[in-house]
Amino acid sequence: MRWGPPRWFTGPTARLGLRRGTARARFTALYVALFLLSGTVLLAIAAVVASGGSRSSQVAPDGATGRPTTAAQVQGRIEQLERELAQAHDTQSKEILIGSAIAFGVMAVVSVGLGWFVAGRVLRPLRMVTAATRRITADSLHERLAIGGPRDEVKDLADTIDDLLGRLEGSFDAQRLFVANASHELRTPLTTMRASLDVALAKPGPVPDTTATLAARMRTELDQVDRLLESFLVLARTQHGEFTDSGRLPLGHVARAALTARAGDVAAKGLTVREDGIDDSAWVWGSRTLLHRLADNVIDNAIAHNHSGGWIGVEVRPKDGEKEDGSAVTLVIESSGPVLDQRRVADLARPFRRLGADRTGTGRGSGLGLSIVAAIAEAHGGALDLHARADGGLRVTVTLPRTDDRTAASPGTRADAPGTGRDVAR
């Protein structure tokens, strides 16, 4: 369906560079073109009428003095009067045409302003619909445009958008509910299977080596499935945007707590940790559990996809180094590792996207770690940026809104307090 100026007008507007302009500019150009066309036609008609009038005006003027005595003198006098009358009429017609042309030029300039104003009034309802639609995001699908007024094309468009938003809201709610319910329901058989393994291994008598090996493998896989289900729950809750433990906390403490909790994994790989760039004065507002999970996932990613004997650099600072006036806080975690393709690195923020076994060495992993980080950052009004380092490894930058009101944070919000953030299954 095509909406806008007619096709015969799009060619000239495209050549004049108006195709890429706004609809208001195109409509203004259309109005001006129509005015110029109609004005030109009116001037042509006036010129034809004026030329016809000059030929038909053959009446002698009044007040002629002197009466000719002979026929030759009478004929000469008549011809002289006709010439004078034709000259006067031509002069009058030229003055009328010149005046009309000047008026036409003035009105052409005025028509640009009037056309711009009229086009703005015509498109104003559409701008209102566009602005209202932009305000509605995945977290506010319950809102509607609710455009009032007569039943016209604009109201039909708004009602159609409202119907679409209703269907989208139902679809999003059904998806989140399915993920949450499925994750909860699947935990019961997992718990039963784990208990059955424990009972089988706890029976008196020697346990065959093959049985013990199989039980260990099954327990490992069950733990992996349990972590995957927990990731589903966190992702669903983050996308739903419902936080029950919001508060202010220093992001630097959150990063230090994640590093301290993984000191064993860091030592096992022989990694060097650089944490001199952590600014403990950078505070953020959000869910304590989810922000801890964000830092945990980023640190886990830096450890799991690193070389033995490599390094990890952690920085927490106000954006652009503005410690007093910065409106955002960035958590930057760089790590060594294999050289990655930047075009594929961006896909790591999407669920179940991995760069293959060559990155992990084993090919294991749920592929949800960084996608959960992206969802948590977005839910807190921030963003995640992934950048492949030229000499290998990955730089992960998480940007979150900053808050400087530290007095509102109670002692229980300390990021290094026991039990904060470590109670979430990974």
Evaluate region 384-406: report whether one residue or more is at pLDDT below 65, surrounded by fewer than 16 Cβ atoms within 10 Å (Cβ to Cβ), over 21 Å from residue 231 (Cβ atoms) and outside the structural domain of residue 225 (by TED's automatic domain parsing).
yes
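Kindly indicate which of 83, 55, 24 is over 60 Å from the mean Cα position of the chain (by Cα), modelled with pLDDT under 80 and part of a helix (DSSP H, G or I). Quick ask: steps written out before the conclusion?
Numbers: 83 fails: modelled with pLDDT under 80; 24 fails: over 60 Å from the mean Cα position of the chain (by Cα).
Residue meeting the stated conditions: 55.
So that you can scan it fast, the table gives a plain yes or no per residue for (1) touching a helix residue (DSSP H, G or I) at 6+ places or on another chain (Cβ under 8 Å); (2) in a loop (DSSP other than H, G, I, E, B):
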position: 96; (1), (2): yes, no
position: 101; (1), (2): yes, no
position: 115; (1), (2): yes, no
position: 124; (1), (2): no, no
position: 130; (1), (2): no, no
position: 145; (1), (2): yes, yes
position: 151; (1), (2): no, yes
position: 160; (1), (2): no, no
position: 165; (1), (2): no, no
Only one of (1) surrounded by fewer than 11 Cβ atoms within 10 Å (Cβ to Cβ); (2) within 27 Å of residue 238 (Cα to Cα) fails for residue 210. Which number is that?
(2)
Among the numbered criteria (1) within 30 Å of residue 40 (Cβ to Cβ); (2) in the same structural domain as residue 218 (by TED's automatic domain parsing); (3) not basic (Lys, Arg), which one does residue 96 miss?
(2)
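When only residues in region 289-315 that are in contact with a strand residue (DSSP E or B) (Cβ under 6 Å, 6 or more places away or on another chain) and either touching a residue at least 60 places away in the same chain (Cβ under 8 Å) or among the small types (Gly, Ala, Ser) (or both) count, which is surrounded by the fewest Cβ atoms within 10 Å (Cβ to Cβ)?
Of region 289-315, the ones in contact with a strand residue (DSSP E or B) (Cβ under 6 Å, 6 or more places away or on another chain) are 298, 302, 306, 311-315.
In the following step, the residues that additionally are either touching a residue at least 60 places away in the same chain (Cβ under 8 Å) or among the small types (Gly, Ala, Ser) (or both) were identified as 298, 302, 306, 313.
Details: 298: 26, 302: 29, 306: 22, 313: 18.
The residue in question is 313.
The values are calculated or read from the model by the stated rules, or taken from the named source; none is laboratory data. Computed from a predicted model, the values in this text were never measured in an experiment. Cβ sites come from the backbone with ideal geometry, for glycine too, and all protein chains shown count toward neighbours.
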